[in-house]
Amino acid sequence: MAPKILVTFALRHEGLSFERKLTRRAVKHGLTVGLLGGREVAVFPLGVGVRNKDGFRSAVGELNPEFVVNSGFAGAVRTLLEPGDFVLANDCSSPELSTRLLTTGLFEAQGRFACVDEVADAGIKERINLQGNVVAVDMESAQMAALCADLAVPCLSAKMISDRYDESIPDLFLGRAARRIKDLTDAIWFASRMLVLRSNLADRLVALIRSLSG
């Protein structure tokens, strides 16, 4: 069988739609493992901000993957990006992987990701945008690039935009209490968006893995 591929998400629910694309799925040692077009693919939840670094190291040691795809969702910093756009983090990806995807048309944008320690609201994203040359913001890609470099495994970070540059994620999604009726309606609206985006992300990841496996 061809070498394995390890796909990571911050949270397991971000990757559930992708997991359903795998055949012969099974859960082994915290990994969801299955087949995608004849390739063995494992899915591992990192925790927000890569909290489970030790678990990731163990997964890499067990699987010895050909490469890692770090995916999930990111906040837009570039003003033209919209929810559902698929973005490649060039600065957090191994060149031997990213250069193989330049002509595939998989991505709406590519460029530098800013790393933050907490979910970035519209104000934070605006300040990051003033720095220039940043397309999106997340909490995992930079750490994953460093981890994979340390483990000597190629890594590619490709994430889908969940919120525009001028949007903040609703408080309920961040574990905060609703204070107004609008907080509830905003949360319902955002949840509906994310259901669609998770399915779209799964389709893009399937195309990405097939491109890298061809």
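The values are calculated or read from the model by the stated rules, or taken from the named source; none is laboratory data. Keep in mind that what you see is a predicted model, and the values were worked out from it rather than measured. Here the Cβ positions follow ideal geometry from the backbone for every residue, glycine too, while neighbour counts run over all protein chains shown.
Take the conditions (1) touching a Lys or Arg at 6+ places or on another chain (Cβ under 9 Å); (2) of a type in the set (Ser, Thr, Tyr); (3) crowded, with 20+ Cβ neighbours inside 10 Å; THR79 misses just one of them, which is (3). Applying the condition of being touching a Ser or Thr at 6+ places or on another chain (Cβ under 9 Å) and among the hydroxyl-bearing types (Ser, Thr, Tyr) to segment 149-172 and asking which residue is nearest to GLU126 (Cα to Cα) yields TYR165.
Applying the criterion of at least 2 residues that are touching a residue at least 60 places away in the same chain (Cβ under 8 Å) and over 21 Å from GLU167 (Cα atoms) to the helices (runs of 4 or more DSSP H) found wholly in segment 8-120 leaves 16-19, 53-63.
The set of residues from segment 11-57 being acidic (Asp, Glu), out of contact with any helix residue (DSSP H, G or I) (no Cβ under 7 Å at 6 or more places or on another chain) and surrounded by 13 or more Cβ atoms within 10 Å (Cβ to Cβ) comprises GLU19, GLU40. In the set (1) on the phi > 0 side of the Ramachandran plot; (2) surrounded by fewer than 20 Cβ atoms within 10 Å (Cβ to Cβ); (3) not polar (S, T, N, Q), the condition left unmet by GLU66 is number (1).
In this structure, PRO154 does satisfy being buried (at least 17 other Cβ atoms within 10 Å of the Cβ) and either more than 16 Å from the chain's Cα centre (by Cα) or at pLDDT 95 or above (or both). The numbered conditions (1) aliphatic (A, V, I, L, M); (2) buried (at least 20 other Cβ atoms within 10 Å of the Cβ); (3) farther than 22 Å from PHE113 by Cβ are all true for VAL7 except (3).
Is it true that VAL137 is more than 22 Å from LEU195 (Cα to Cα), outside any loop (DSSP other than H, G, I, E, B), within 12 Å of the chain's Cα centre (by Cα) and modelled with pLDDT of 95 or more? Taking the combined requirement at face value, the residue does not satisfy it. Condition first: farther than 30 Å from GLY37 by Cα, surrounded by 15 or more Cβ atoms within 10 Å (Cβ to Cβ), touching a Leu at 6+ places or on another chain (Cβ under 9 Å) and basic (Lys, Arg). Can you find one or more residues in segment 162-172 that meet it? Yes, segment 162-172 has at least one match.
To keep it simple, each residue is scored yes or no on (1) touching a strand residue (DSSP E or B) at 6+ places or on another chain (Cβ under 7 Å); (2) of a type in the set (Asp, Glu); (3) on the phi < 0 side of the Ramachandran plot; (4) surrounded by fewer than 24 Cβ atoms within 10 Å (Cβ to Cβ).
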position	(1), (2), (3), (4)
ALA89	yes, no, yes, no
ARG100	no, no, yes, yes
VAL119	no, no, yes, yes
GLU140	yes, yes, yes, no
ASP150	no, yes, yes, yes
